[in-house]
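Just below is one structure, and these are the notes that go with it.
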Amino acid sequence: MHFFSDNATPVCPPVMAAIAAADRADHGYDGDGWSARLDGAFSDLFGVPVKAMWVASGTAANSIALACLCPPYGGIIAHEEAHVAVDECGAPGFFTHGASLMTLPGEGAKLSPDAVRERLRAIRPDVHQIPARAISITNASEYGLVYTPDEVAALGDVAKDHGLGLHMDGARFANAVAHLGCHPSDVTGRAGVDVLSFGCVKNGGMVGEALVFFGAQAEARAAEAARWRKRSGHLLSKGRYLAAQILALLEDDLWLANARAANAAAQALAAGAGTRLMQPVEANELFLRLTAEEAASLRAQGFDFHDWGEGAARIVTNWSQDAAGVAPLADALRKLG
């Protein structure tokens, strides 16, 4: 049983069917009928007019978003363990042509408004220092913790007060919203988010993510993002296949149903893990204390997962699992004692 990552899961059947349905001639790049529907579909989802586009990967989504918010001489405040800081090979700096990441610590890989304000106060208003121009947060975070609407709004207020753009890396946005049970706008546009990287691949897609722009500058930023997408080689010639997948996930709230299944599977495992949990389980990731011997024992039983430093492991559930499907691992965790 595979618990390495939700990146490695199969494609959910409605998405595969949508790819097949898009397998006919249409206009190239983003001139097709599927791509043309993205603005309307996401505007309906969020309940406000937005601009939306597909991109090829989560790294491209995050980096293009940040390039629209931050100039080359600027700084992006992010958590020190954020994906943009640790796992994207310097892509934000590459796409922005030199912007710096200003990383901060924070419990559960979440930024706090106080920590951001303190960092901003330390920047002198002269040409010798890097001015902050954006904040990037991850929802759900790298440790599977969720920013609530109030927490996002508090950071949105900091961004507004200091003239900063606010980006949300939503690789697991669906899992966060499923956990919160709120309207998706409550943790994005209404809370001050300017651009969201809307995750699809981890939630049942094959390839492709979405960028969603909110607010008065949405159209201008989306037009700039379109240039970045082309310049960076991410304007795929048959983009309809990406757009079709995204639309399929939005249809009848499949994106939420898939996330709820993954979250429920994680909760079933959390019940088996008990006091081994290193973080609360709010989305679809579990971080457990495991000795090397215990990890070897679980792997010998057919369970695959990532080590997470010495004496710890990360387990990730996905849309294709449920409580019954992960019961063997939950039982095996209980038997470890």
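A single entry from P72, P49, P113 fulfils the requirement of being farther than 24 Å from S185 by Cβ and of a type outside the set (S, T, Y): P72.
Look through E118, E81 and report the one residue that is among the charged types (D, E, K, R), touching a residue at least 24 places away in the same chain (Cβ under 8 Å) and either closer than 24 Å to C200 by Cα or part of a helix (DSSP H, G or I) (or both). Don't jump to the end; show me each part of the working.
Values: E118 fails: touching a residue at least 24 places away in the same chain (Cβ under 8 Å).
Exactly one residue qualifies, and that residue is E81.
Screening the stretch 227-337 for helices (runs of 4 or more DSSP H) wholly inside it with 2 or more residues that are open to solvent by 30 Å² or more (accessible area, probe 1.4 Å) returns the ranges 254-273, 292-300, 327-336.
Looking only at the stretch 179-207, residues that are β-branched (V, I, T), without any contact (Cβ under 8 Å) to a residue 60 or more places away in the chain and not in a loop (DSSP other than H, G, I, E, B) come to 1 in all.
I'd like to check something: does the stretch 130-140 contain any residue that is more than 20 Å from the chain's Cα centre (by Cα) and under 20 Å from A210 (Cα atoms)?
No, the stretch 130-140 has no match at all.
Of all residues in the stretch 304-324, those that are farther than 13 Å from L286 by Cβ have Cβ atoms under 9 Å from Cβ atoms of residues that are part of a strand (DSSP E or B) and open to solvent by less than 50 Å² (accessible area, probe 1.4 Å), 6 or more apart or on another chain, in D307/A313; D307/R314. Taken together, the residues in the stretch 76-100 that are under 24 Å from P125 (Cβ atoms), over 16 Å from the mean Cα position of the chain (by Cα) and buried (at least 22 other Cβ atoms within 10 Å of the Cβ) amount to 4. Taken as a whole, the condition of being closer than 21 Å to I64 by Cα, touching a residue at least 12 places away in the same chain (Cβ under 8 Å) and either small (G, A, S) or open to solvent by 10 Å² or more (accessible area, probe 1.4 Å) (or both) does not apply to G144.
The residues listed here are A176, A210; of these, the one that is assigned to a helix (DSSP H, G or I) and open to solvent by less than 10 Å² (accessible area, probe 1.4 Å) is A176. Out of all the residues in the stretch 155-163, is one or more touching an Asp or Glu at 6+ places or on another chain (Cβ under 9 Å), outside any loop (DSSP other than H, G, I, E, B) and under 15 Å from L66 (Cα atoms)? For the stretch 155-163, residues touching an Asp or Glu at 6+ places or on another chain (Cβ under 9 Å), outside any loop (DSSP other than H, G, I, E, B) and under 15 Å from L66 (Cα atoms): present.
If you go through the stretch 312-335 and pick out every residue that is more than 22 Å from N7 (Cα to Cα) and either at pLDDT below 95 or among the basic types (K, R) (or both), you end up with 2.
Answer yes if at least one residue in the stretch 94-109 is under 20 Å from N258 (Cβ atoms), in contact with a helix residue (DSSP H, G or I) (Cβ under 9 Å, 6 or more places away or on another chain) and aromatic (F, W, Y), and no otherwise. Outline the logic, then answer.
If we filter the stretch 94-109 for residues that are under 20 Å from N258 (Cβ atoms), which is where we start, we get none.
Looking for residues that are under 20 Å from N258 (Cβ atoms), in contact with a helix residue (DSSP H, G or I) (Cβ under 9 Å, 6 or more places away or on another chain) and aromatic (F, W, Y), one finds none in the stretch 94-109, hence no.
The values are calculated or read from the model by the stated rules, or taken from the named source; none is laboratory data. For clarity, every value in this text was computed on a predicted model and none was experimentally measured. No Cβ is skipped: glycine too gets one built from the backbone with ideal geometry, and neighbour counts run over all protein chains shown. The area values use the complete protein model at the heavy-atom level, side chains included, leaving out ligands, DNA and RNA. Shrake-Rupley method; radii C 1.70, N 1.55, O 1.52, S 1.80 Å.
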